[in-house]
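Remarks on the structure that follows.
The values are calculated or read from the model by the stated rules, or taken from the named source; none is laboratory data. Since this is a predicted model, take the numbers as computed values, not measurements. A quick note on method: Cβ atoms are made from the backbone with ideal geometry, for glycine too, and the neighbour counts reach across all protein chains shown. Keep in mind that these areas ignore ligands, DNA and RNA; they rest on the heavy atoms of the full protein, side chains included. Shrake-Rupley method; radii C 1.70, N 1.55, O 1.52, S 1.80 Å.
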Amino acid sequence: ICQIVQRVCNDICYKFIDDRDTFLQCLFIIETVICYCVFPDEILKPCIIVLCLAVNFEMYVESSYKIMRSLLGTQFGYASILKMCNMLKEGKTLVDPYILRGAIFHTNMNLWGGNNVALQNGMKYSSVVLSSYLEVLQCGAQIVTYEVVLSLQSLITKCGLDLSELAWDIIMEILNRALTNIERDKSATIEHSDLPVRFHAIFDNLENLIQQGGLNVNEDKVYGVVERISNKRSDA
């Protein structure tokens, strides 16, 4: 079974990624093994890489998200999160930014994004996951920066008042580094032309939360970033 899954993940999936029917059958094999087999750790990473790659194609997003959700609900859930975090930390050496984007998508959607209402694990893993987001921004790929900003939007909106001071310190580092990437890449693609808008939306939300009180963030760090973008902020 392991040899079949490795062949599917390392060879067949890449050859048939544009063949919807065949690729969905490959995902079905991965799902079946995850749901009904006890498998060794050696095939966990290849399965995760395929699921991360798949979410970059609209026709596979739903299936990939469903399978990853099942995987994180098994005894391999914690190990899967750690493997995705390690992939992100090694982002500068990982060639395909779309796999990195997929790892950010899955950690975000399954821990604190999407329709997920069980945020306890999201809070438990937030510092670990956020540290990996900080590291992956060094790769400089715009699609990665965009997905990190989307993830922070979701996290702050849903859990801002519950985040620890440590988590907020990491978030502020992430925002500083993301801003550096945005400023360096002035020629935004059409697909990500709203990246600066989403970045500013985070600070709109942050300023509102600070006014409400009870936020565990160092306000000097927040307004330190605001100073960098003050000439692009709205008058309000």
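Tilt of helix 195-212 relative to the longest C-alpha principal axis of the chain, in degrees (0 to 90, nearest 10)? Computed tilt is about 60 degrees.
For mean projected area of the Cα convex hull in nm², several values are listed as (1) 12.2; (2) 13.2; (3) 23.8; flag the one computed from this structure. Correct label, based on the coordinates given: (2).
Got a number for carbon plus sulfur as a percent of the stretch 134-236's accessible area, 1.4 Å probe?
47 percent
Think of each Lys and Arg Cβ as +1 and each Asp and Glu Cβ as -1; about the Cα centre, that makes the dipole of the chain roughly 260 debye. Accessible surface for the stretch 1-157, divided over its residues, is 46 Å² per residue with a 1.4 Å probe. Along the stretch 152-168 the Karplus relation, 6.51 cos²θ - 1.76 cosθ + 1.60 evaluated at θ = phi - 60°, assigns HN-Hα couplings of 5, 4, 5, 4, 5, 5, 7, 10, x, 6, 9, 6, 6, 4, 4, 4, 5 Hz to successive residues, with x for each Gly and Pro.
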